[in-house]
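The values are calculated or read from the model by the stated rules, or taken from the named source; none is laboratory data. Being a predicted model, the structure only gives us computed values, none of them experimental. We place every Cβ from the backbone using ideal geometry, glycine too, and count neighbours over all the protein chains shown.
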Amino acid sequence: MRDLEEPKCLDRHNGECTGEVEYRPPLSSTERRFPRCDGHWEKRLEKQREIDERYAPNSDVPPLGFDPTYAGERWDEDY
């Protein structure tokens with residue numbers, strides 16, 4: 001009866017789990033949900049904020065090394 005099993009935190013081997021374990025919403029394009037405890041979920045959200053801050057195009061100035069001729073992409077959608 002696999003459906004009756006309690007979910008186990010995906011990160012349970014990476015430190016102590018805290019709080020309830022739930023299947024959390026996807027944070028990537030895989031659209032897969034993974035079980036995480038409250039504590040590890042907060043750590044994962046913080047990691048995602050760091051990733052977004054580093055890589056998300058939230059600036060009108062492209063990062064160093066951005067080459068618009070590579071793959072025909074543009075940084076600014078207004079052009």
Quiz item: Scanning segment 8-65 for residues that are of a type in the set (V, I, T) and part of a loop (DSSP other than H, G, I, E, B), which turns out modelled with the highest pLDDT?
Solution: T18
Quiz prompt | Filtered residues of segment 33-61 (kept if surrounded by 14 or more Cβ atoms within 10 Å (Cβ to Cβ), free of Cβ contacts under 8 Å to residues at least 24 places away in the same chain and aromatic (F, W, Y)) | solution = W41
Practice problem: For segment 9-32, enumerate the residues that are among the basic types (K, R) and surrounded by 12 or more Cβ atoms within 10 Å (Cβ to Cβ). | Solution: R12, R24
Practice problem: Report, by residue number, each residue of segment 30-41 that is acidic (D, E) and either farther than 15 Å from C9 by Cβ or touching a Lys or Arg at 6+ places or on another chain (Cβ under 9 Å) (or both). | Solution: E31
